[in-house]
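The values are calculated or read from the model by the stated rules, or taken from the named source; none is laboratory data. Predicted model, so just to flag it, every value in this text is computed and none were measured. For neighbour counting, all protein chains shown are included, and Cβ atoms are generated from backbone atoms with ideal geometry for every residue, glycine included.
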Amino acid sequence: MSLFEIAILACIAALVGWLGNGRKLALLAVSALALYWLQPHQEPVNLMFWLPTLTVFVTVLSWLITAKSESRGWKENRAAVTVLMGVIAFVDLNRFFQFEWFFPIETPRIQWIGLAFLFVLIILFTLTRLGKFNRLILTLAVVGLVGLLLAIKSPSALTWLFEIIATLRGKYSGGQSTLAWLGFSYVAFRLLHTIFDRIAGRLPSVSLAEYVNYVIFFPAITAGPIDRVERFVAGLNSPLPLDAGGWLDAGQRIFIGLFKKFVVADALAWIALNETFARDARSSIWLWTLLYAYSLRIYFDFSGYTDIAIGLGRLLGIRLPENFDSPYIKPNLTQFWNSWHITLTQWFRSYFFNPLARAMRSTPKPVSPWMMILFSQATTMLLIGLWHGVTTNYILWGLWHGCGLFIQNRWSEFARARLSLHAIPASGQRGLQCIGTFLTFNFVSLGWLFFALPSPESAWNAMLKLAGVL
């Protein structure tokens, strides 16, 4: 988001935060409009309309299959349906309004929108006739969401898809291999959270307006954090007052976030590691400087956006969860991952790591503890890498951290068994903490090579330069 967009959204958040009756529907309308307004420009241009519309449709569909029967009544949810359909129609009719500052492209013809609405209504009507949704349908929904997420994260799959679309349109695809689908990585994980909890029988009863607000909440749509639906809905129904303390709290977080992103991170971008700098660097010391600048930049950029999201949420009376807790000063890799992108780590811990560990412990043939730790940590971090993108670099980054966590776990067990026999003075403990922090920061920084550079070969060559070999 740009400074202008953040300023506009902050003003809107403050206005919506003051509302009493109609607050949920106003927030729903603003969040839906923000999906279109913040959608990045791309070709073909109609994707700027269809991708946000598909986000709304998938979200409504997910609510329908996860909501309890008492929550799916038409009377309780018709206002939310009207708002969502009204927003989509308004955006499409922008061809006549010509608000180019809001939506600067020509939207699809109205007959295509009508056909899309008819198709969606048929699907929704058919599903409502089914009544309860069994485990098979919910599992298929999980598979569909994961498959869609992997497809849009895979450059090869996207190239193939764009070639098919271009052939149908009688145009050249241009070899396009990226898709800028605003916030879908976060949307998918919020939807998966509700489906998993529905399968487990612990999903609370929520209305359509509450559910869609949770999924596309505009402060958190671009960079998280990933909240839990019960926590978010509780804040939505019992908002914090926007009094003097609330204004101060929100203002501080937004200011801190703006400073981190637009001052510190953007300044570091001038010297942060990239492919050109890595190739032209003549000394390992200078390359380490570039790498450290990249490490700090990615932290201040990401945590800055998180602070802005938390501040905007506070203007709306909703306290979003924290996503960072000084990760670069943690003394080991486990504590780093408990402090970096906290909500994503907690999501994987709840829905993958813990179930996998329980399954491995309950197998008829016992699995050795070290093998269980290695497999569960490596696969979890591999999936976190794939969440960023289905590329070799992200896979290697995930395995880098998975192996690092395993080594750190084994070392901690080894050291605990021996150092616990001897009393270590406070100065010695502080020294060990400093050494651990130094090693952890450098290990994490080396891992960022797979983010900063375009290929495994370039990352490997950079590692050799850092070691003074090249």
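Quick notes
- Scope region 1-60; condition farther than 29 Å from residue 192 by Cβ and of a type in the set (A, V, I, L, M); matching residues: 3, 7, 8, 10, 14, 15, 19, 45
- When 253, 282 are screened for being farther than 18 Å from residue 445 by Cα, over 25 Å from the mean Cα position of the chain (by Cα) and not assigned by TED's automatic domain parsing to the domain that holds residue 449, only 282 passes.
- All conditions but one from (1) more than 23 Å from residue 304 (Cβ to Cβ); (2) not in a helix (DSSP H, G or I) apply to residue 215; the one that does not is (2).
- Among the residues of this structure, residue 352 counts as one that is part of a helix (DSSP H, G or I), under 21 Å from residue 337 (Cα atoms), among the aromatic types (Phe, Trp, Tyr) and free of Cβ contacts under 8 Å to residues at least 60 places away in the same chain.
- Boolean, residue 334 is within 20 Å of the chain's Cα centre (by Cα) and among the β-branched types (Val, Ile, Thr): no
- Of all residues making up region 448-470, the number that are in a helix (DSSP H, G or I) and under 20 Å from residue 286 (Cβ atoms): 12
- Selection status of residue 103, in contact with a helix residue (DSSP H, G or I) (Cβ under 7 Å, 6 or more places away or on another chain), of a type outside the set (A, V, I, L, M), surrounded by 14 or more Cβ atoms within 10 Å (Cβ to Cβ) and at pLDDT below 75: yes
- A count restricted to region 155-196 and to residues that are outside any helix (DSSP H, G or I) and either closer than 24 Å to residue 1 by Cα or modelled with pLDDT of 90 or more (or both) stands at 8.
- Within region 144-158, the set of residues being surrounded by 15 or more Cβ atoms within 10 Å (Cβ to Cβ) and hydroxyl-bearing (Ser, Thr, Tyr) comprises 154 only.
- Filtering 234, 209 for residues that are more than 23 Å from residue 303 (Cα to Cα), touching a helix residue (DSSP H, G or I) at 6+ places or on another chain (Cβ under 7 Å), of a type in the set (A, V, I, L, M, F, W, C) and modelled with pLDDT of 90 or more leaves a single hit, 209.
- Test: residue 392 is surrounded by 11 or more Cβ atoms within 10 Å (Cβ to Cβ), of a type in the set (Ser, Thr, Tyr) and either in the same structural domain as residue 158 (by TED's automatic domain parsing) or in contact with a Lys or Arg (Cβ under 9 Å, 6 or more places away or on another chain) (or both): no
- Condition check for residue 137: modelled with pLDDT under 90 and either of a type in the set (D, E, K, R) or surrounded by 18 or more Cβ atoms within 10 Å (Cβ to Cβ) (or both): no
- Residue that is surrounded by the fewest Cβ atoms within 10 Å (Cβ to Cβ) [pool: residues in region 318-349 that are farther than 25 Å from residue 245 by Cα and among the aliphatic types (A, V, I, L, M)]: 329
- Some residue of region 258-267 being modelled with pLDDT of 95 or more, of a type in the set (Lys, Arg) and outside the structural domain of residue 19 (by TED's automatic domain parsing): yes
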